[in-house]
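Undergrad: I have a structure here, written as structure tokens, and I will follow up with some questions on it.
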Amino acid sequence: MTFDPIEKALLEGLARNDRQATTTIYKEHYGMIQTMIINNNGSADDARDIFQEAMVVLYEKAKSGQFELSCQLKTYIYSVCRRLWLKRLSQIQKFVPELDGENAWISVEEDMEQHEQQNHAFHQMEKAMNSLGEPCRSLLDAFYLQKKTMVEIASAFGYTNADNAKTQKYKCLTRLKKIFFAHYKTLDV
């Protein structure tokens, strides 16, 4: 339930691909996310990537027509970005969550079920990557697996600058997500 009519209008605009709504959300909330990420072992590039990923999440939620915001938009964006950033940090092992007491104990059945679900998701992602095609597959591989910078990717793939390479990476990531979720949903039915 959206309490603020302005935020409701922004979400509706985002769902319609209204550039003004997207620009407003960036202007109002990006600075907060950049500060949070820079203060937590990140860079300005990391902040842009995380915010962009959060915008994709928000767009998909708004587009679904089923999304009801139960807090301020600022709070929602912050939580999504924080979760994405903690996940990224754990992947690059700059952050290891502390396990305490009861939370450290997970039943074997629960652990195996989670492991099987992850394996299934990884297998589906591999299929999605294979059906993605070039140059997207190579570009995403260069960024996420080979850890190349946007400058290196721009040079290797013939883009005029790092910003163009980043735009292409975003488009490729969006296509990959569409392929993955379309295929993943058909398997769950």
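The values are calculated or read from the model by the stated rules, or taken from the named source; none is laboratory data. These numbers come from a predicted model, not from an experiment. Here Cβ is always computed from backbone atoms with ideal geometry, including for glycine, and neighbour counts include all displayed protein chains.
Undergrad: Within the stretch 9-23, can you find the residues that are in a helix (DSSP H, G or I), free of Cβ contacts under 8 Å to residues at least 40 places away in the same chain and surrounded by 13 or more Cβ atoms within 10 Å (Cβ to Cβ)?
TA: Those that are in a helix (DSSP H, G or I), free of Cβ contacts under 8 Å to residues at least 40 places away in the same chain and surrounded by 13 or more Cβ atoms within 10 Å (Cβ to Cβ): ALA9, GLY13, ALA21, THR22.
Undergrad: Now for a separate question. Any idea which residue in the stretch 116-157 is modelled with the highest pLDDT, counting only those that are of a type in the set (Asp, Glu), over 14 Å from PHE180 (Cβ atoms) and over 17 Å from the mean Cα position of the chain (by Cα)?
TA: First, the residues of the stretch 116-157 that are of a type in the set (Asp, Glu): 116, 126, 134, 141, 152.
In the following step, the residues that additionally are over 14 Å from PHE180 (Cβ atoms) were identified as 116, 134, 141, 152.
If we keep only those that are over 17 Å from the mean Cα position of the chain (by Cα) too, we end up with 116, 134, 152.
Numbers: GLU116: 65, GLU134: 84, GLU152: 92.
Residue satisfying both the conditions and the ranking: GLU152.
Undergrad: While we're looking at this one, here's another question. Does the stretch 52-96 hold any residues that are in contact with a helix residue (DSSP H, G or I) (Cβ under 8 Å, 6 or more places away or on another chain), outside any helix (DSSP H, G or I) and touching a residue at least 12 places away in the same chain (Cβ under 8 Å), and which are they?
TA: Scanning the stretch 52-96 gives GLY65, PHE67, LEU69, GLN72, PHE95.
Conditions (1) part of a loop (DSSP other than H, G, I, E, B); (2) touching a Ser or Thr at 6+ places or on another chain (Cβ under 9 Å); (3) more than 19 Å from ARG48 (Cβ to Cβ), marked per residue:
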| site | (1), (2), (3) |
| --- | --- |
| HIS120 | no, no, yes |
| LYS127 | no, no, yes |
| SER138 | no, no, yes |
| LYS147 | yes, no, no |
| THR160 | yes, no, no |
| ASP163 | no, no, no |
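Undergrad: Output the residues belonging to the stretch 34-53 that are at pLDDT 90 or above and surrounded by 15 or more Cβ atoms within 10 Å (Cβ to Cβ).
TA: Selection gives GLN34, ASP46, ALA47, ARG48, ASP49, ILE50, PHE51, GLN52, GLU53.
Undergrad: Additional query: Can you list residue pairs whose Cβ atoms sit under 6 Å apart, with the first residue in the stretch 157-168 being outside the structural domain of LYS147 (by TED's automatic domain parsing) and more than 17 Å from GLU134 (Cβ to Cβ) and the second being basic (Lys, Arg) and surrounded by 15 or more Cβ atoms within 10 Å (Cβ to Cβ)? Count only pairs 6 or more apart in sequence or on different chains.
TA: none
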